[in-house]
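The values are calculated or read from the model by the stated rules, or taken from the named source; none is laboratory data. Remember, predicted model here, so these are calculated numbers, not experimental data. Counting neighbours? That spans all protein chains shown, and the Cβs are built from the backbone with ideal geometry, glycine included. The accessibility values were calculated without ligands, DNA or RNA, using every heavy atom of the protein model including side chains. Shrake-Rupley method; radii C 1.70, N 1.55, O 1.52, S 1.80 Å.
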Amino acid sequence: DAGITQSPRHKVTETGTPVTLRCHQTENHRYMYWYRQDPGHGLRLIHYSYGVKDTDKGEVSDGYSVSRSKTEDFLLTLESATSSQTSVYFCAISARGGDRNQPQHFGDGTRLSIL
Amino acid sequence: ILNVEQSPQSLHVQEGDSTNFTCSFPSSNFYALHWYRWETAKSPEALFVMTLNGDEKKKGRISATLNTKEGYSYLYIKGSQPEDSATYLCAPQNRDDKIIFGKGTRLHILP
């Protein structure tokens, strides 16, 4: 299994609070992605990174920010959480050694509930 | 990447029968097409990544084809087994490495 760790695995918080989710990899992969999973929508891309300090928006980036200060960590931040951001969040990594047509490997997901 | 369509949304297949489903995607700015298998309560698992028009990939009883000019891919499962029950996701990757998923085809294998 690819070395991907998401933390926390579960979190319950209140509307208006800041939340940061962490994705940590031990594979030295260049690309990292954050998705959210919601019923009826499948997986939707929030943000992705193609290198340290290189990030770009996905389909549903409003209300989210990301940072990648080192290869192994990709942080997803909800500056002020809203109930609509209740979801399961998946991190994915890909492209060992810069080979671009490698598959993604997914973490186990973070279940986030915003009350 | 917009308008990634997978059909059908849901499919019931008798054990032992073969089946196939479709992924359609915009052909502009295309780089690769990914297929994933997603079981309930687990994480998506990669099946194939295809890049060239006419590509065919096979993994056991599962195979896939790719037509980049018209923007579609087919996934085939031969002799369905209960363990094939899952959601099958396709995801085109563009040249900016953005990977967008379709909503998936949910496959149920009937004993």
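Residues being open to solvent by 30 Å² or more (accessible area, probe 1.4 Å) and either part of a loop (DSSP other than H, G, I, E, B) or free of Cβ contacts under 8 Å to residues at least 40 places away in the same chain (or both): count how many of those fall in the stretch B:1-22.
Of the residues in that region, 9 qualify.
Just to verify a result, which residue in the stretch B:95-111, among those that are more than 11 Å from every other protein chain (Cβ to nearest Cβ) and open to solvent by 10 Å² or more (accessible area, probe 1.4 Å), is nearest to B:ALA41 (Cα to Cα)?
Filtering first and then ranking leaves B:HIS108.
May I ask you to verify whether B:LYS103 is touching a Lys or Arg at 6+ places or on another chain (Cβ under 9 Å) and in contact (Cβ under 8 Å) with a residue 40 or more places away in the chain? I'd like the intermediate steps shown before the answer.
Values: touching a Lys or Arg at 6+ places or on another chain (Cβ under 9 Å): no; in contact (Cβ under 8 Å) with a residue 40 or more places away in the chain: yes.
For B:LYS103, the condition - touching a Lys or Arg at 6+ places or on another chain (Cβ under 9 Å) and in contact (Cβ under 8 Å) with a residue 40 or more places away in the chain - is not met.
Evaluate the following for B:ARG61: is it modelled with pLDDT of 95 or more and farther than 20 Å from A:PRO103 by Cβ?
Criteria not met by B:ARG61.
All but one of (1) without any contact (Cβ under 8 Å) to a residue 24 or more places away in the chain; (2) open to solvent by less than 80 Å² (accessible area, probe 1.4 Å) hold for B:LEU66; state the number of the condition that does not hold.
Going through (1) without any contact (Cβ under 8 Å) to a residue 24 or more places away in the chain; (2) open to solvent by less than 80 Å² (accessible area, probe 1.4 Å) one by one, B:LEU66 breaks only (1).
Inspect all residues belonging to the stretch B:78-89 and state whether any of them is open to solvent by 30 Å² or more (accessible area, probe 1.4 Å), closer than 21 Å to A:ILE93 by Cβ and under 16 Å from the mean Cα position of the chain (by Cα).
Scanning the stretch B:78-89 turns up no residue that is open to solvent by 30 Å² or more (accessible area, probe 1.4 Å), closer than 21 Å to A:ILE93 by Cβ and under 16 Å from the mean Cα position of the chain (by Cα).
Among A:THR86, A:THR20, which is the only one that is within 11 Å of the chain's Cα centre (by Cα), open to solvent by 20 Å² or more (accessible area, probe 1.4 Å) and β-branched (Val, Ile, Thr)?
A:THR20
Pick out, from the stretch A:4-115, the strands (runs of 3 or more DSSP E) lying fully within it that include 1 or more residues that are acidic (Asp, Glu) and within 14 Å of another protein chain (Cβ to nearest Cβ). Before you say what the answer is, go through the steps one by one.
Numbers: elements: A:4-7, A:10-13, A:19-25, A:31-38, A:42-51, A:54-57, A:64-70, A:73-78, A:87-94, A:110-114.
It comes to A:31-38, A:54-57.
Within the stretch B:68-94, which residues are among the aliphatic types (A, V, I, L, M) and more than 14 Å from chain A (Cβ to nearest Cβ)?
If the condition is that a residue be among the aliphatic types (A, V, I, L, M) and more than 14 Å from chain A (Cβ to nearest Cβ), then B:LEU75, B:ILE77 are the ones that fit.
For the stretch A:68-104, give me each residue that is touching a Pro at 6+ places or on another chain (Cβ under 9 Å), within 17 Å of A:GLY51 (Cα to Cα) and at pLDDT 95 or above.
Within the stretch A:68-104, the subset touching a Pro at 6+ places or on another chain (Cβ under 9 Å) is A:77-81, A:90, A:92, A:94, A:104.
Subset that is within 17 Å of A:GLY51 (Cα to Cα): A:92, A:94, A:104.
Of everything in the stretch A:68-104, just one residue is touching a Pro at 6+ places or on another chain (Cβ under 9 Å), within 17 Å of A:GLY51 (Cα to Cα) and at pLDDT 95 or above, namely A:ALA92.
Tell me, which strands (runs of 3 or more DSSP E) lie completely within the stretch B:23-63 with 1 or more residues that are without any contact (Cβ under 8 Å) to a residue 40 or more places away in the chain? Before you say what the answer is, go through the steps one by one.
Values: elements: B:30-38, B:45-50, B:56-59.
It comes to B:45-50, B:56-59.
Residues in the stretch A:56-68: is at least one under 29 Å from B:ARG106 (Cβ atoms), basic (Lys, Arg), free of Cβ contacts under 8 Å to residues at least 24 places away in the same chain and open to solvent by 60 Å² or more (accessible area, probe 1.4 Å)? Walk me through it before giving the result.
Looking only at the stretch A:56-68, we keep the residues that are under 29 Å from B:ARG106 (Cβ atoms), and these are A:57-64.
Then keep just the ones that are basic (Lys, Arg); that gives A:57.
From what is left, the residues that are free of Cβ contacts under 8 Å to residues at least 24 places away in the same chain are A:57.
Filter once more, keeping what is open to solvent by 60 Å² or more (accessible area, probe 1.4 Å): A:57.
Looking through the stretch A:56-68, at least one residue is under 29 Å from B:ARG106 (Cβ atoms), basic (Lys, Arg), free of Cβ contacts under 8 Å to residues at least 24 places away in the same chain and open to solvent by 60 Å² or more (accessible area, probe 1.4 Å).
Just to be sure, is A:HIS41 buried (at least 21 other Cβ atoms within 10 Å of the Cβ) and under 23 Å from B:LYS103 (Cα atoms)?
no
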